[in-house]
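Visitor: After the structure tokens below, expect a handful of questions from me.
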């Protein structure tokens, strides 16, 4: 993360390569403000993973353990899983490796015991789809947080400061007109065919208008940018030849269309 | 602006109109007409880019 630039040293006015190298330096980054998110980042990996672990436990384990007809073993195992999560987060500072093992294996094993003791608790008649999906997300987040914990912030973060970057080229005048006109044309094409009632046909029309809209936008950009390109000495002759070729194709398309309508 | 650039712009405008007619025909389930106008639009669009870029160095 990079802080605001007002604490950085000012770059030198001359940005030639040699002076750029001279200007390169590392300066301390401004201290980040105290936020709940920053505080969460300072927590250990076990404490971080305990948050989605608690969520997964609450959505998928505790309803099964306290469902109708669940044996006492399921309730004890569920409580043991909760205790392993909270306890591991509490002792993480003293024994981080053991705390991590207790958190992952403790919750995983006790949850398995609960599900084995109450096999019907996660069936489709007892667990609706929304809760099942949120439970899966909770377990996935717990696994991710346990396997790849967030990195701790360094005590004294450093930022590499060099000369300001220069753009290799600037946007020429008129380019925005081409791109804007292409975007308007692409948008206008999206207004066609909204009254189609058949879903498959409506989807086909939407996909087609989207594809041709993108093609129009790309072609308008190409035509706009081609104005600035350097051309060969024989460019005029080449352009005439290309124009005649495409004019012939256009006439051919018109003739085919006219023939089609005449025979229809 | 060069005359060929104007032609390229007009071809892009024509291609857009052809695409609009083709999409309208597609919505009416008139598939042959839709295919015709969409092909005309594609040919016109490709021609516009070819004319605009012909003779460019590199």
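Visitor: So which residues in region B:25-58 are more than 16 Å from the chain's Cα centre (by Cα) and either part of a helix (DSSP H, G or I) or at the interface with chain A (Cβ under 7 Å from one of its Cβ atoms) (or both), if there are any at all?
Guide: B:25, B:26, B:27, B:29, B:31, B:32, B:54, B:55, B:56, B:57, listed by residue number.
Visitor: Separate question: List the helices (runs of 4 or more DSSP H) that sit entirely inside region A:1-101 and contain at least 3 residues that are under 22 Å from residue A:142 (Cα atoms) and at pLDDT below 80.
Guide: Fully inside region A:1-101 and qualifying: A:36-41.
Visitor: Which one of A:224, A:258, A:218 is in a helix (DSSP H, G or I) and more than 9 Å from chain B (Cβ to nearest Cβ)?
Guide: Going through A:224, A:258, A:218 in turn, just one is in a helix (DSSP H, G or I) and more than 9 Å from chain B (Cβ to nearest Cβ): A:258.
Visitor: If you take the residues in region B:1-16 that are more than 7 Å from chain A (Cβ to nearest Cβ) and surrounded by 17 or more Cβ atoms within 10 Å (Cβ to Cβ), which one is nearest to residue A:187 (Cα to Cα)?
Guide: B:14
Visitor: Against the condition part of a helix (DSSP H, G or I) and at the interface with another protein chain (Cβ under 8 Å from one of its Cβ atoms), how does residue A:185 come out, does it pass?
Guide: Here the answer is yes, as residue A:185 does meet what is asked.
Visitor: Please count how many residues of region A:188-201 are surrounded by 12 or more Cβ atoms within 10 Å (Cβ to Cβ), more than 8 Å from every other protein chain (Cβ to nearest Cβ) and in a helix (DSSP H, G or I).
Guide: The number of residues fulfilling the criteria is 0.
Visitor: Let me ask you something else. Closer than 22 Å to residue B:33 by Cα and more than 28 Å from the chain's Cα centre (by Cα) - does that describe any residue in region A:213-226?
Guide: For region A:213-226, residues closer than 22 Å to residue B:33 by Cα and more than 28 Å from the chain's Cα centre (by Cα): absent.
The values are calculated or read from the model by the stated rules, or taken from the named source; none is laboratory data. On a predicted model such as this, the values are computed, not experimentally measured, just so you know. No Cβ is skipped: glycine too gets one built from the backbone with ideal geometry, and neighbour counts run over all protein chains shown.
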